[in-house]
Amino acid sequence: MLALNDPAWSKLTTAYGTGEEAAELLLRLQPDAADSELRQELIELLLHQNTIYTATLAAMPYLANMAEYTQGQKALVDLYIMCGLMHASREGADGEDVEHSREFGRDRQQKLEDDAVRRIADGYRDGIARLSALHERAARPISDAALAGSDEDPESVYLLAAQTMYAGRSHVGRLLFEFPEGDEYAGACPFCAADWYVWPSEAADTKPGAKTVYVNEPVTHGTENQPSAEVRPCKPDDLRPELRALEQEALRLGANRLAAAIPSLDGRASCPACGQEASVWDVLTAWRGE
């Protein structure tokens, strides 16, 4: 990892400048990550509109430290989720070494010594591994509340998104971060490139999780008088393993809308534009694994 007093921080980038300010905030937050204002100030430097920076990569092991040692549950959950979103925002093909992250090649980024890049990448991998181990601790209050019958917690899907990112299932994590409500999703037909808006079906009141595919955004264009197709949900025994695991964890955390939608997300539908049949899951995740 890159020491906080390393001169290389001055060559790193954030959303608004160089990495020195991020290093200073990291140093101030090490004793007490529960300072929400300071933590938010740091996050705004490291993550802006789903874009991260070289300072974000270098900060990851320190963010993991904060998450591990904070005594505040809110700080833990915030760090666990936001670091998952940062991980989802890293530019580079899945499985590509952190050393080759495209953040290192941006116009504002100065050329770094190979040793500095290696230490940043090693620290990043270490931070992600340690954050992954914090899922149960971060999720415990929400799972306990769900077990007691409480209403669905809006943070439950974000926790699932972060968990799947840390586990290397990036296409799942990115989808959940983008559509955390568990109701509405979007993709494109693999045959004709028509937009697919996977929306709650009119039958959803009696069949929770039922979905319909539209080619025009339903809020703007309405659902009547436009091409549509009903999704044929996957049978429970035929769910792909990653979605069966997601369904089980969603139920444990009380993310009931997401859990109900999973058979439809793993279902099939005919494109309302060209008539070709496609896997809904493949449509929704085709580009989110890149």
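For this structure, a couple of remarks:
- Any hit, region 201-218, residues being closer than 15 Å to residue 266 by Cα and of a type in the set (Ser, Thr, Tyr): yes
- Residues of region 250-285 satisfying the condition of being surrounded by fewer than 16 Cβ atoms within 10 Å (Cβ to Cβ) and of a type in the set (Gly, Ala, Ser): 275
- If you go through region 75-98 and keep only what is in contact (Cβ under 8 Å) with a residue 40 or more places away in the chain, of a type outside the set (Gly, Ala, Ser) and more than 16 Å from residue 31 (Cα to Cα), you end up with 77, 78, 80, 81, 83, 85, 86, 87, 94, 98.
- Candidate set from region 1-29 (those that are polar (S, T, N, Q) and surrounded by 13 or more Cβ atoms within 10 Å (Cβ to Cβ)); member that is farthest from the chain's Cα centre (by Cα): 18
- Qualifying positions in region 209-226 - free of Cβ contacts under 8 Å to residues at least 60 places away in the same chain and surrounded by 14 or more Cβ atoms within 10 Å (Cβ to Cβ): 209, 210, 212, 214, 215, 216, 217, 218, 223, 226
- As a summary of the residue check, residue 175 satisfies the conditions (1) in contact (Cβ under 8 Å) with a residue 40 or more places away in the chain; (2) outside any helix (DSSP H, G or I) except for the one numbered (2).
- Candidate set from region 26-56 (those that are part of a loop (DSSP other than H, G, I, E, B) and on the phi < 0 side of the Ramachandran plot); member that is modelled with the highest pLDDT: 53
Rundown of residues vs (1) at pLDDT 95 or above; (2) outside the structural domain of residue 12 (by TED's automatic domain parsing); (3) more than 18 Å from the chain's Cα centre (by Cα), yes/no style:
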| residue | (1), (2), (3) |
| --- | --- |
| 64 | yes, no, no |
| 72 | no, no, yes |
| 82 | yes, no, no |
| 91 | no, no, no |
| 107 | no, no, yes |
| 141 | yes, yes, yes |
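- Identity of the residue in region 100-129, among the charged types (D, E, K, R) and not in a helix (DSSP H, G or I), that ends up surrounded by the most Cβ atoms within 10 Å (Cβ to Cβ): 106
- The residues in region 35-90 that are touching a strand residue (DSSP E or B) at 6+ places or on another chain (Cβ under 8 Å) and crowded, with 23+ Cβ neighbours inside 10 Å can be counted, and the count is 6.
- Qualifying residue in region 160-171 (condition: of a type in the set (Val, Ile, Thr), in contact with a helix residue (DSSP H, G or I) (Cβ under 9 Å, 6 or more places away or on another chain), under 19 Å from residue 247 (Cβ atoms) and assigned to a helix (DSSP H, G or I)): yes
The values are calculated or read from the model by the stated rules, or taken from the named source; none is laboratory data. All of these numbers come straight from a predicted model, not from anything done at the bench. Neighbour counts run over all protein chains shown; Cβ positions are idealised from the backbone, glycine included.
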